[in-house]
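Everything below concerns the one structure shown next.
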Amino acid sequence: MEAAIVVLEEDPTFDAGFGSHLNRDGRVELDAIIMDGATLNAGAVASVQRVRNPIRLARKVMESCEHMMLVGAGAEQFAAAQGLPLCQPEDLICEREKKAWAKCSEGDHLAEFHFSHRHGTVGAVALDVQGRIVAGTSTGGTCCKLPGRVGDSPLIGCGCYADIEAGGVSCTGWGEAIMKVVLAKSAVDNLRSGENAQKAADAAVHLLARRANGAGGLILLDRNGKPGFAFNTSHMAYGYVALDGSFVVEV
Ligand code: ASP
């Protein structure tokens with residue numbers, strides 16, 4: 001699960017790790033979370049500027065920290081203490097996003113300047129043979145956000161949730177709306193109340209639209225490994241490994 005997210009963080013196609021959106025000051029600030037559905041332990045980081053793979057740092061927080069969430073300079077200090085390499089803030093910036101930011105800085109911020117509006121936050125959910133579910137989410141947040149803005153992604157229950165009694169979820173979309181309906185936990189609660197995987201996903205995204213007027217989507221695995229996907233944005237790229245080992249990819 002962590003390895004899958006690292007690949008996506010390294011790929012500038014997505015708004016996570018290298019190639020993320022810049023904030024209003026022209027810097028990348030990254031958020032990530034990982035959650036273990038067996039123990040309900042989670043680790044989260046927010047507003048980090050010198051960590052290339054924040055999902056790795058989130059895992060360190062989950063496994064080696066007395067706290068569940070660290071932000072900014074404190075999170076980076078913890079990364080260094082744990083032996084994770086720190087990068088320069090500029091190492092996270094790709095040309096495409098620099099140009100988008102420059103255009104937005106000249107006048108109005110327009111969605112079409114941002115290629116990765118269509119290729120946003122990344123996430124993954126994994127279930128092993130022992131029934132253990134882990135979910136994770138990593139993001140650069142929204143484009144031209146105010147410095148210090150944190151969205152849903154690193155917040156337990158909002159951008160990610162996992163519980164072996166029900167399933168695991170990772171979300172993407174407009175964080176300010178997702179937080180209002182605690183989207184990932186809402187989807188897991190749908191599973192808990194007996195909905196099948198697809199219905200649980202659909203109902204959660206419906207709630208996001210109905211109660212928060214929000215746009216977003218989620219990927220989900222129930223405790224038996226059945227996947228569900230839902231979004232009310234124009235599209236959302238997702239894929240999964242089916243129980244027979246085949247890969248299924250959709251946009
Ligand atoms: N949910 C993320 C945030 O609001 C952005 C995204 O998923 O594209 O920070």
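The values are calculated or read from the model by the stated rules, or taken from the named source; none is laboratory data. Being a predicted model, the structure only gives us computed values, none of them experimental. All Cβ positions, glycine included, derive from the backbone under ideal geometry; neighbour counts span all protein chains shown. Accessible surface is based on the protein model in full, side chains and every heavy atom, while ligands, DNA and RNA are left aside. Shrake-Rupley method; radii C 1.70, N 1.55, O 1.52, S 1.80 Å.
Worth a mention:
- Only one entry in Gly168, Gly140 is touching a Phe, Trp or Tyr at 6+ places or on another chain (Cβ under 9 Å), closer than 30 Å to Glu97 by Cβ and away from the ligand (no atom under 16 Å from the Cβ), namely Gly168.
- The residues of segment 143-165 that are near the ligand (Cβ under 9 Å from one of its atoms) and either basic (Lys, Arg) or open to solvent by 60 Å² or more (accessible area, probe 1.4 Å) (or both), listed by number, are Lys145, Arg149.
- Looking across segment 215-236 at every residue that is more than 12 Å from the ligand (Cβ to nearest atom) and small (Gly, Ala, Ser), the one that is farthest from Gly175 (Cα to Cα) is identified as Gly225.
- Given (1) open to solvent by 50 Å² or more (accessible area, probe 1.4 Å); (2) within 16 Å of the ligand (Cβ to nearest atom); (3) modelled with pLDDT under 95, number of the condition Gly120 does not satisfy: (1)
- Residue in segment 22-45 that is part of a helix (DSSP H, G or I), modelled with pLDDT of 95 or more and surrounded by 23 or more Cβ atoms within 10 Å (Cβ to Cβ) present: no
- The condition of being of a type outside the set (Val, Ile, Thr), part of a helix (DSSP H, G or I) and touching a residue at least 12 places away in the same chain (Cβ under 8 Å) holds for only one of Ala16, Ala79, that being Ala79.
- Number of the exception - Ala58 against (1) among the aliphatic types (A, V, I, L, M); (2) at positive phi; (3) open to solvent by less than 30 Å² (accessible area, probe 1.4 Å): (2)
- Taken across segment 171-186, residues that are over 19 Å from Tyr238 (Cβ atoms), in a loop (DSSP other than H, G, I, E, B), open to solvent by less than 10 Å² (accessible area, probe 1.4 Å) and among the aliphatic types (A, V, I, L, M) do not occur at all.
- Residue check for Glu90: surrounded by fewer than 20 Cβ atoms within 10 Å (Cβ to Cβ) and either within 17 Å of the chain's Cα centre (by Cα) or farther than 16 Å from Leu155 by Cβ (or both): yes
- Counted residues, segment 123-133 - those being in contact with a helix residue (DSSP H, G or I) (Cβ under 8 Å, 6 or more places away or on another chain) and either away from the ligand (no atom under 13 Å from the Cβ) or under 16 Å from Met62 (Cα atoms) (or both): 2
- Flag for Ala177 being more than 13 Å from the ligand (Cβ to nearest atom) and closer than 25 Å to Arg210 by Cβ: no
- Of all residues in segment 231-251 being open to solvent by 100 Å² or more (accessible area, probe 1.4 Å) and in a loop (DSSP other than H, G, I, E, B), the one that is farthest from Ile178 (Cα to Cα): Asp244
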